[in-house]
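K.L.:
Below is a structure I'd like to ask you about.
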Amino acid sequence: MNANRRLALLIDGDNAQAALLDQMLTEMSKYGIVTIRRVYGDWSKPHLASWKEVVHAYALQTEHQFNNIPGKNATDFALVIDAMDILHSGEVDGFCILSSDSDYTPLAMRIREQNLFVMGIGKSNTPPAFVTACHIFVYTENLGAQPKVEKAKKTPVPDVKTPVKAATNKAATKSVTTSPPLEIFFRKAFAETPQNDGWVGLAAIGSTLRRLDPTFDYGTYGYTNLSSLVRAHPKIFKMREVQTNDGTQSISIRLNATNQTPK
């Protein structure tokens, strides 16, 4: 991640959720500093009322575009034209496009061709073409997800008088185990990340996961960060935390052998 890159935030007001703007800006801050903030739409239409309530609070520049031709989205055209102007100005290092519209796929691809960072934020039904055209894509459903609360494990006491209850405990224990797709995904990422005696840095594996799947988000699994996700699955990962000379903490992880329970 490069938290110092300059980002242009371009919002399709017709196709983005104003209520999640605070969470979206927080997510963007992980990848850079938002220096340009613009939201596009036909501001004479009532459906943009939710955006009118937040433009001043978040210093958004409103870009008005009448939808003069029925069936054609003038907002898309205006956003793309501005994006190309910003792209060639050299004033930013990347873009964040807030929309679930696949019409922005060519724009995302063009930005990547110029070796600039491109991030997308949209709903989970966003067409795959737009998702994969971005370096990072965050689903809005994950922004509102509640993190899992890690609780101390309790050993269930068998109850021979109530076999139904015992079966319920067994099912509950099974439900917290890791699903195979997560393990397969991480093993693929490990194979493509430089290792040191089988250990890889947490940040490095995170970058590889994002490269393999722009939509990868630990929030999908209910965790607030990658280290929490790894720590919650000891059957798959081992974690090593080292205090560096400058006082910071370095975290590395490695994979356990397949179907092996760590000691």
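The values are calculated or read from the model by the stated rules, or taken from the named source; none is laboratory data. All figures in this text were calculated on a predicted structure; none of them were measured in a lab. So basically every Cβ, Gly included, is an ideal-geometry build from the backbone, and we count neighbours across all protein chains shown. For the accessible areas, the whole protein counts, side chains as well, though only heavy atoms, and no ligand, DNA or RNA atoms are used. Shrake-Rupley method; radii C 1.70, N 1.55, O 1.52, S 1.80 Å.
K.L.:
Tell me which residues, restricted to region 224-254, are open to solvent by 30 Å² or more (accessible area, probe 1.4 Å) and part of a loop (DSSP other than H, G, I, E, B). Outline the logic, then answer.
P.N.:
Let us first name the residues in region 224-254 that are open to solvent by 30 Å² or more (accessible area, probe 1.4 Å), namely 224-225, 231-232, 234-235, 238-251, 254.
Listed by number, the residues that qualify are THR224, ASN225, ALA232, PRO234, LYS235, THR244, ASN245, ASP246, GLY247, THR248.
K.L.:
Could I ask something else about it? Just need a number here: residues in region 18-46 that are open to solvent by less than 70 Å² (accessible area, probe 1.4 Å) and in contact with a Ser or Thr (Cβ under 9 Å, 6 or more places away or on another chain).
P.N.:
10
K.L.:
With (1) more than 13 Å from GLY13 (Cβ to Cβ); (2) surrounded by fewer than 18 Cβ atoms within 10 Å (Cβ to Cβ); (3) not small (Gly, Ala, Ser) as the list, and THR62 as the residue in question, which single condition is left unmet?
P.N.:
It fails just one condition, (1).
K.L.:
Restricting the search to region 101-122, which residues are open to solvent by 90 Å² or more (accessible area, probe 1.4 Å) and either within 20 Å of ASN73 (Cβ to Cβ) or assigned to a loop (DSSP other than H, G, I, E, B) (or both)?
P.N.:
Of all residues in region 101-122, those open to solvent by 90 Å² or more (accessible area, probe 1.4 Å) come to 103, 109, 112-113, 115.
If the condition is that a residue be open to solvent by 90 Å² or more (accessible area, probe 1.4 Å) and either within 20 Å of ASN73 (Cβ to Cβ) or assigned to a loop (DSSP other than H, G, I, E, B) (or both), then ASP103, MET109, ASN115 are the ones that fit.
K.L.:
Pick from region 47-56 the residues that are touching a helix residue (DSSP H, G or I) at 6+ places or on another chain (Cβ under 8 Å) and not in a helix (DSSP H, G or I): which of them is surrounded by the most Cβ atoms within 10 Å (Cβ to Cβ)?
P.N.:
Among them, the one singled out is VAL54.
K.L.:
One residue is enough: does region 196-216 have a residue meeting the conditions outside any helix (DSSP H, G or I), modelled with pLDDT under 70 and on the phi < 0 side of the Ramachandran plot?
P.N.:
no
Residues checked against (1) over 26 Å from MET24 (Cβ atoms); (2) in contact (Cβ under 8 Å) with a residue 24 or more places away in the chain; (3) under 21 Å from the mean Cα position of the chain (by Cα):
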{"residue": "PHE190", "(1), (2), (3)": "yes, yes, yes"}
{"residue": "GLY201", "(1), (2), (3)": "yes, yes, yes"}
{"residue": "TYR223", "(1), (2), (3)": "no, yes, yes"}
{"residue": "PHE237", "(1), (2), (3)": "yes, yes, no"}
{"residue": "ASN245", "(1), (2), (3)": "yes, no, no"}
{"residue": "THR248", "(1), (2), (3)": "yes, no, no"}
